[in-house]
1. With the other protein chains left in place, how much accessible area per residue, in square angstrom, belongs to the chain at a 1.4 angstrom probe?
2. Please report the spacing between the Cα centers of region 116-141 and region 333-399 in Å, no decimals.
3. Specify whether the C-alpha gyration tensor of region 162-216 places it in the rounded, prolate or oblate class, a ≥ b ≥ c being the square roots of the eigenvalues: rounded for a/c under 1.5, otherwise prolate if a/b is larger than b/c and oblate if not.
4. Go ahead and set up a Gaussian network model of the chain, Cα springs under 10 Å, then flag whichever of Arg92, Arg326, Arg293 fluctuates most.
5. With contacts defined as alpha carbon pairs under 8 Å and 6 or more residues apart, what's the relative contact order of the chain in percent?
6. Please give the contour-minus-distance gain from Thr348 to Ala316: 0.36 nm per residue of separation, less the Cα-Cα distance, rounded to one decimal in nm.
7. Using unit Cβ charges (K, R positive; D, E negative) and no other charged atoms, how large, in debye to the nearest 20, is the dipole of region 179-233 about its Cα centre?
8. Distance between the C-alpha centers of region 166-230 and region 10-86? Whole Å please.
Amino acid sequence: MPGSAATGATTETGAGTATDRQIARAEAYSAHNYHPLPVVIASAEGAWVTDVEGRRYLDMLAGYSALNFGHANPRLIAAAKAQLDRVTLTSRAFHHDRFAEFCAALAQLCGMEMVLPMNTGAEAVETAVKTARKWGYRIKGVPDGRAKIVVAADNFHGRTTTIVSFSTDPDARADFGPYTPGFTVVPYGDLAALEAAVDDDTVAVLLEPIQGEAGVLVPPPGYLSGVRALTTARNVLFIADEIQSGLGRTGRTFACEHESVVPDMYVLGKALGGGVVPVSAVVSSRSVLGVFRPGEHGSTFGGNPLACAVGLEVIAMLRTGEYQLRAAELGAHLHAELGTLTSSGAVTAVRGRGLWAGVDIAPSLGTGRAVTERLMTHGVLAKDTHGSTIRLAPPLVISKEDLDWALARLRTVLGV
Ligand SMILES: *Cc1c(COP(=O)(O)O)cnc(C)c1O
């Protein structure tokens, strides 16, 4: 309920509060690879979280889309609890009775034929890279060691050494070399640049259909369908990283659907684990994923019974179409409301689709980080990116009333 939110939440928690003690301990004992907002969450339900002081906040980030179905979704928690009492881990050395069911259901949801389950998003992207290279050598006939993958500038595909090798973000990349070769970076949304980069050794084009970390960048109309036409014509795999854009976020199951595009491979993660466990997967055709033989790729935890049980429930929920519809309807409302902020001058641009928005704040109003800190004191949790942008991506289960409450808080913080 908006009325019961902790409007008095403040960053000035005074020495010795539970919040201060937790943050000081985290800073002492954990690597500083994040700069979290000064809130310490103790429990959560739906779109709301409660901190260690009992203050409530509306979660407008939803774990970067890992929490599309909200915190502690009753269907997902029930599925996880039931599986906990049966069997949680077998390793892939043996079959288990949720595996086939999960893979079949996920392939069907994607309109594809085969699934290779992993855990984190980065592992799924690594799997996609390995699959594309092997497909290139075995099926396309690219000479050994020459396979090339074309990616977009400002991408975010994860944090492994190979993936940061083709990042253009200096923070993500610097000091982590030597880098994995075999990637060509072209500007996002530029079909001519992509076409010029594709050659006979190109095995794949790897893209986010909407770039999330870059600031929720939607490519120009016709870009994704152009990529599809180009990759088909040049016998190159079109790999869509839908880890953040997929599974309902944009108002469709996949963001590619907005341009009626079907890639050769979906890379999925985040929401696939229902906010309960890490579940990721590569989903493709038999002719592509069929390149793997036993021993050539794997994961101890990938496709484990708990992951499959939760993933199956996620798929069943997506099959109802209810969450995609909510994201489309509430998203239209969100974007209409955010549009009114641009006319006020407080916001210089708004991008996105469905319940997903990148909001560029007028520089005079402070950095994106400063705005998220002020939003926090007003009971709204959001995340900044690239200096002046804030990202809004609430759980798809958020009520219209709560969404309006968050927008009112944003107006207050921006002084409009
Ligand atoms: C989050 C994300 C990843 C990486 O997922 P992890 O689970 O953090 O490894 C990859 N691609 C995209 C588009 C993402 O948003």
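The values are calculated or read from the model by the stated rules, or taken from the named source; none is laboratory data. Please read these numbers as outputs of a predicted model, since none were measured by experiment. Cβ placement follows ideal geometry from the backbone for every residue including glycine, while neighbour counts extend to all protein chains displayed. Each accessible area value is taken on the protein alone, full model and side chains, heavy atoms only, with ligands, DNA and RNA left out. Shrake-Rupley method; radii C 1.70, N 1.55, O 1.52, S 1.80 Å.
1. That works out to 42 Å² for each residue.
2. 35 Å
3. Values: a/c = 2.32, a/b = 1.20, b/c = 1.94.
Oblate, since a/c reaches 1.5 and b/c is not below a/b.
4. Result for the chain, Cα springs under 10 Å: Arg293 fluctuates most.
5. Reported relative contact order: 23 percent.
6. Numbers: separation 32, 0.36 × 32 = 11.52 nm, distance 3.93 nm.
Additional length available on full extension: 7.6 nm.
7. Values: 1 positive and 7 negative charges, 38 e Å.
Once rounded to the nearest 20, the dipole reads 180 debye.
8. The two parts, judged by their Cα centres, are 33 Å apart.
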